[in-house]
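To start, the structure itself, in structure tokens.
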Amino acid sequence: MTDFAIETLNLTKSFGHTHAVNGLNLSINLGSIFGLIGENGAGKSTTFGMFGGWLKPSSGKAKILGTPLQNLHKLRGKIGFLPQDSFLPPQERVENIALYFCHLAGVPKNQAKKERNRILQLVNLQDAARNQVKELSHGMYKRLCLAQAIAGKPQLIFLDEPTAGLDPTQTLRVKAIIQEHLQGATVVISSHQLEQLEKLCTHGAIIHEGKIVASGSMDELTGKNQQLKIELAPQTSIALEKLASHLPQYSFSLNDRFLECLVPHGLSVEDAIHATVSHIFADGGRILGIERGGSLESFYLATTQKS
Amino acid sequence: MTLLRIAFFELRILFYSKRGLLASGLYALTGFMAATGYFILNQELDNQIQKASEQEGLSFSVALNAADYARSELYQGFMGFCSGLPIEQINTAIMGTPIFAILLWALSWILPTLILLTTYDVLSSPLASHTFRFETFRASRLEILLGRLLAHCGQFILGLLLIAIIAIFALWSEETIGLFQGEHTFQSFLIFLINILTIGVTYCALIFLGSVLSPSNRGALFLCALLLTLISSGPTVMAWQWGEDNTLVQLFSHLSPTHFTHKLWHASLKEFGYGLLAYGSLFTLYLGATYIIFSRKNL
């Protein structure tokens with residue numbers, strides 16, 4: 001049994017001469033909430049399309065839950081998908097659509113209606129169950145799409161831009177569903193909303209021009225274990241050379257009133273905080289705050305500009 | 001099982017849509033037209049009895065015999081025209097039950113258009129709206145395709161039932177239902193069903209092929225209509241231009257379902273079997289081509 005929900009090796013998808021995804025190598029751990037981050041046209045939706053079976057890879061290999069991509073339908077019920085820009089039959093009723101996808105997900109006949117009620121309740125659509133799809137608002141439609149993705153409690157769920165176009169309340173609801181109700185499942189989310197991904201995901205990867213340019217845990221991506229930013233009180237002055245000679249294992253730089261510290265791999269960030277702050281206090285200095293790492297946004301910008 | 005789920009879901013959608021209602025209306029209209037046509041034919045023959053007895057001063061029994069003869073000649077000519085076969089080669093069961101013969105002939109012309117109108121966007125519409133993306137990770141593409149084919153075949157089978165019911169009621173109201181009580185009625189009905197199902201399913205597969213080739217609904221309608229026209233009239237036009245013995249004409253005419261229609265009317269079981277085999281082969285060819293294109297398409 002593999003530890004990975006998804007493994008890809010040089011996965012490529014070309015449209016004519018354009019490589020939308022170019023030699024993608026990606027491993028996603030089972031049970032993680034994984035964010036696939038990238039700008040428009042970076043290859044996120046194309047990657048999702050190949051995982052969802054509606055795009056055929058041009059070359060390369062991929063395994064989903066240990067099964068090769070070409071046998072995707074054998075994983076019936078183990079995968080859920082919220083595709084972007086896809087339309088459900090407008091004249092069909094919400095309850096019928098939800099029931100249909102429960103059936104397709106392999107939910108036994110005698111439990112299908114119960115499962116349908118569960119997923120509709122989860123996305124707060126139980127009162128709109130008898131409505132036709134064309135009568136739903138954008139937010140309700142999006143929640144119906146989310147409901148079909150989680151029908152049958154799949155082990156692996158792909159959510160392509162799950163909160164796009166939703167108001168803040170609905171966005172919070174979707175986040176709560178992911179955090180509270182999809183526990184145990186591997187969730188792969190594609191989104192532009194970096195702040196949201198940073199809070200929601202345990203792991204992530206940055207895709208740029210069809211290639212993965214960075215991947216790891218969210219702490220690694222945001223540098224929470226490698227960077228410290230200490231805001232010094234106005235009257236505090238720091239002798240950088242003295243600090244560097246006292247704590248040679250770390251790299252320091254001073255930027256106005258902010259002391260920045262880089263913690264090499266293998267060293268504890270807690271130890272770095274303790275040692276640095278102790279040194280400042282011993283020298284009679286005062287601090288106003290400590291910030292671990294940078295934001296995902298700054299890391300994303302730095303990484304994509306570099307590559 | 002997945003295939004049946006898809007088929008039932010699609011069938012529901014077909015019947016709840018405006019187009020589904022339109023299709024039902026068209027099928028119903030066909031039933032009325034066939035019944036009316038049959039009724040007019042009978043009225044015409046009755047008038048001939050009346051005329052014969054009035055003009056020639058014949059006794060009723062003599063006039064009836066003369067009219068029966070006229071009826072027989074007219075009917076045989078009509079059947080020969082419909083089937084494209086010499087009268088002695090037409091299946092006696094079909095000959096013995098005029099209503100099924102007329103329905104079969106009318107439907108073999110109307111059905112392709114009905115199927116075109118109800119089915120042209122079967123694949124182009126979900127391709128354009130990316131609806132297949134909700135299914136591709138839960139079902140194989142073959143299941144998705146066959147599920148839709150089953151649904152559309154189901155729609156036209158239900159349409160046929162509607163036609164049959166309306167035709168029977170229309171005839172009943174004119175008290176001509178007695179014509180159904182012939183010795184060949186059941187056999188004829190069975191042949192009618194087999195024939196019309198064979199033709200319908202084959203045309204369904206052809207329209208599926210047209211639908212998968214186009215990325216838009218309008219394009220699909222145009223392509224399907226073009227395919228139907230080419231397949232139906234192409235061989236005739238080509239034969240007129242290059243002669244019937246031309247190899248290309250021969251090859252092309254064998255791709256057309258209309259080329260084999262007469263075999264389904266044949267009295268010989270062997271010829272009837274060849275007809276079914278030919279339609280089966282065409283169905284497989286059209287559906288196979290559709291599947292190959294569909295399985296390689298980005299959905």
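Just so you know, all these numbers are worked out from the coordinates, no wet-lab data involved. All values reported here derive from a predicted model rather than from experimental measurement. Every residue, glycine among them, receives a Cβ derived from its backbone with ideal geometry; neighbour counts consider all protein chains shown.
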Listed with the fewest Cβ neighbours within 10 Å leading, B:163, B:293 appear as B:293, B:163
Applying the gyration tensor rule to the Cα atoms of the stretch B:234-293 (axes a ≥ b ≥ c; rounded if a/c under 1.5, else prolate if a/b exceeds b/c, else oblate), the class is oblate
Treating only Lys and Arg (+1) and Asp and Glu (-1) as charged, each at its beta carbon, one finds that chain B has a dipole about its Cα centre, in Debye to the nearest 20, of 1800 debye
From DSSP H assignment alone, runs of 4+ in chain B each adding -39500 (n - 2.57), the sum over residues rounded to the nearest 500 puts [θ] at 222 nm at -27000 deg cm²/dmol
Taking a ≥ b ≥ c as the square roots of the Cα gyration tensor eigenvalues, with a/c under 1.5 meaning rounded and otherwise prolate when a/b beats b/c or oblate if not, the stretch A:20-87 comes out rounded
Largest fluctuation, B:42, B:217, B:246 only, Gaussian network model of chain B with Cα springs under 10 angstrom, belongs to B:246
Percent antiparallel among DSSP beta bridges confined to the protein assembly as shown, nearest 5, equals 70 percent
Partner shielding of A:45-57, as the mean number of partner chain Cβ atoms within 10 Å, equals 4
With the convex hull built on the alpha-carbon atoms of the stretch B:145-299, volume per residue in Å³ sits at 156 Å³
Taking the alpha-carbon centre of each part, the distance from the stretch A:10-40 to the stretch B:126-145 in Å is 22 Å
From the Cα centre of the stretch B:210-282 to that of the stretch A:92-147, the distance in Å is 44 Å
Cβ density ranking, 10 Å radius, fewest first, applied to A:188, A:213 yields A:213, A:188
Per-residue ellipticity at 222 nm attributable to helices in chain A (runs of n ≥ 4 DSSP H, -39500 (n - 2.57) apiece, nearest 500 deg cm²/dmol) works out to -9500 deg cm²/dmol
In a Gaussian network model of chain B with springs linking alpha carbons closer than 10 Å, the residue among B:155, B:89, B:43 that fluctuates most is B:43
For chain A, the longest principal axis of the Cα atoms and the Cα long axis of helix A:269-282 enclose an angle in degrees, to the nearest 10, of 30 degrees
Note: A:87-97 gets an average of partner chain Cβ contacts (10 Å, Cβ to Cβ) equal to 4
The distance between the Cα centres of the stretch A:223-289 and the stretch B:82-110, in whole Å, is 97 Å
Length-normalised contact order of the stretch A:76-212, Cα under 8 Å, at least 6 apart, in percent, tallies to 29 percent
Extension length gain for residue A:175 and residue A:287 (0.36 nm per residue less Cα distance), in nm, is 36.8 nm
In chain B, whole DSSP H helices that both stretch 20 Å or further along their axis by alpha carbon positions and average at least 1.6 on the Kyte-Doolittle scale are B:98-119, B:141-173, B:185-213
Where a ≥ b ≥ c are root eigenvalues of the Cα gyration tensor, a/c under 1.5 meaning rounded, otherwise prolate if a/b exceeds b/c and oblate otherwise, the stretch A:94-198 counts as oblate
Counted neighbours (other Cβ, 10 Å), sorted fewest up, put B:211, A:14, A:237, A:191 in the order A:237, A:14, A:191, B:211
